[in-house]
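What follows is a short report on a single structure.
The values are calculated or read from the model by the stated rules, or taken from the named source; none is laboratory data. Bear in mind the structure is a predicted one, so any value in this text is a computation, not a measurement. Please note: Cβ atoms are built from the backbone with ideal geometry, for glycine as well, and neighbour counts cover all protein chains shown.
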2 protein chains.
Amino acid sequence: MPRAGLDPAAVVAAGAALADEVGLAGLTMGLLAERVGVRTPSLYKHVGGQEDLNRRIAALALSQAADAVGGAVQGYAGRDALAAAARAFRAFVLEHPGRYAATLGLEPSGPDDPLATAGQRLLGAFTAVLRGYEIAESDVDHALRMLRSFCHGFATLQAANGFQWSTDIDESFEWLIAFTDRGLRAI
Amino acid sequence: MPRAGLDPAAVVAAGAALADEVGLAGLTMGLLAERVGVRTPSLYKHVGGQEDLNRRIAALALSQAADAVGGAVQGYAGRDALAAAARAFRAFVLEHPGRYAATLGLEPSGPDDPLATAGQRLLGAFTAVLRGYEIAESDVDHALRMLRSFCHGFATLQAANGFQWSTDIDESFEWLIAFTDRGLRAI
DNA sequence: AGCTTTTAGCTAACATCATTAGCCAACTTG
DNA sequence: CAAGTTGGCTAATGATGTTAGCTAAAAGCT
């Protein structure tokens with residue numbers, strides 16, 4: 001029996017990819033094992049179980065989302081930064097719906113939980129966007145939550161097929177970006 | 001063996017309540033059967049299975065959400081209507097996280113699917129809010145999607161414990177309502 | 001190299017859960 | 001009150017997550 005050369009990172013990466021393909025609910029240990037060329041129980045040498053796998057996929061997803069949004073924002077400010085961040089976030093969720101779904105409903109176990117640090121990085125990327133606007137200190141937290149709500153809400157509704165009519169969805173998203181930009185400038 | 005006097009509606013209502021208590025993922029047929037005082041296989045006399053149960057819970061949730069939002073809006077217009085609708089929607093999601101989660105990711109099978117009609121009613125309630133603003137015909141769909149995105153995004157992020165810092169969440173929500181009202185008035 | 005230790009894979013077994021089959025008593029309807 | 005329908009039951013099956021215990025491959029040491 002030759003070894004497969006797995007490690008936790010490889011298992012988690014394969015799990016995230018599989019979740020994107022078949023949906024988070026369709027991600028089973030058996031399917032993942034088959035994907036990485038191993039029998040199911042062998043996965044438990046690398047991850048603690050389904051819940052642990054989910055947390056690790058979530059941490060990976062948040063980290064990648066932070067990279068995507070942070071990278072997109074670089075070199076832009078104001079409306080351009082807002083648009084770049086929002087587009088990057090939505091693109092990430094639409095391309096990686098399974099791993100993004102894994103991030104919902106988890107509580108970081110502590111300040112050094114990878115989940116928490118990745119989340120902080122993502123938050124930091126959105127915070128950088130707000131620096132391009134003149135926002136009172138007391139409004140920053142509210143504005144940040146608004147940004148997250150908009151981006152998360154729009155992206156997950158679209159990913160869940162929540163928009164029914166035929167009006168172009170990309171157009172709606174650009175409209176939403178413009179709406180938010182005007183609002184942030186007028187605070 | 002006395003009969004339990006169940007019917008599909010009772011099973012679905014109990015399932016929705018149970019989903020709110022233990023989370024949608026924790027809703028098992030066995031748990032639901034115990035809750036309604038029956039053995040597991042008996043549930044299949046009333047619902048087709050877990051997927052069918054989920055769809056029916058979703059339809060119930062959308063219908064109840066439509067009632068809540070529609071009722072809250074009555075008699076108000078403009079900013080008051082917006083605030084009433086947003087608060088009612090968020091309150092519904094926070095009080096009924098399980099059944100709301102059941103609504104995500106489903107495609108109505110046709111125009112007379114209860115899921116579709118309930119969804120239309122909920123959409124209608126939000127559309128009514130927009131009538132209190134002077135919005136160009138071409139912007140209505142975009143504005144509606146914005147409303148849904150921000151209500152859905154904020155409520156689900158909060159329900160999923162997605163807001164980390166200590167800034168008061170209710171305050172952020174009111175801030176978001178005010179932000180949206182100003183924006184809609186300035187279109 | 002050869003020996004030991006660790007470890008990543010395996011098979012076998014078990015628990016939980018959704019679902020189906022088939023039976024029987026309780027309602028309903030004439 | 002007889003006949004049919006139906007809502008409950010037990011038993012059984014298949015899928016899935018998980019643990020136990022074995023073994024061979026890799027890694028480390030002399």
Taking segment A:163-184 and keeping residues over 15 Å from A:ALA84 (Cα atoms), surrounded by 14 or more Cβ atoms within 10 Å (Cβ to Cβ) and more than 7 Å from every other protein chain (Cβ to nearest Cβ) leaves A:ILE169, A:LEU184
Kindly evaluate A:ARG56 against the criterion of being within 18 Å of A:ASP7 (Cβ to Cβ) and either surrounded by fewer than 19 Cβ atoms within 10 Å (Cβ to Cβ) or within 12 Å of DNA strand C (Cβ to nearest atom) (or both).
no
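Only residues that are over 21 Å from B:PRO97 (Cα atoms) and at pLDDT 95 or above: list them for segment B:147-170, please.
Once the filter is applied, which keeps residues that are over 21 Å from B:PRO97 (Cα atoms) and at pLDDT 95 or above, segment B:147-170 yields nothing.
One line per residue, one yes/no per condition, for (1) within 12 Å of the chain's Cα centre (by Cα); (2) within 11 Å of another protein chain (Cβ to nearest Cβ); (3) among the hydroxyl-bearing types (Ser, Thr, Tyr):
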| site | (1), (2), (3) |
| --- | --- |
| B:PRO97 | yes, yes, no |
| B:ASP113 | no, no, no |
| B:TYR133 | no, no, yes |
| B:LEU147 | no, yes, no |
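Yes/no per residue for (1) within 14 Å of chain B (Cβ to nearest Cβ); (2) surrounded by fewer than 17 Cβ atoms within 10 Å (Cβ to Cβ); (3) within 16 Å of DNA strand C (Cβ to nearest atom):
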{"position": "A:GLY15", "(1), (2), (3)": "no, no, yes"}
{"position": "A:VAL22", "(1), (2), (3)": "yes, yes, no"}
{"position": "A:PRO41", "(1), (2), (3)": "no, yes, yes"}
{"position": "A:ALA77", "(1), (2), (3)": "no, yes, no"}
{"position": "A:ALA81", "(1), (2), (3)": "no, no, no"}
{"position": "A:PHE89", "(1), (2), (3)": "yes, no, no"}
{"position": "A:GLY105", "(1), (2), (3)": "yes, no, no"}
Just the residues that are in contact with a helix residue (DSSP H, G or I) (Cβ under 8 Å, 6 or more places away or on another chain) and more than 30 Å from A:LEU106 (Cβ to Cβ), please, taken from segment B:16-39.
B:VAL36, B:ARG39
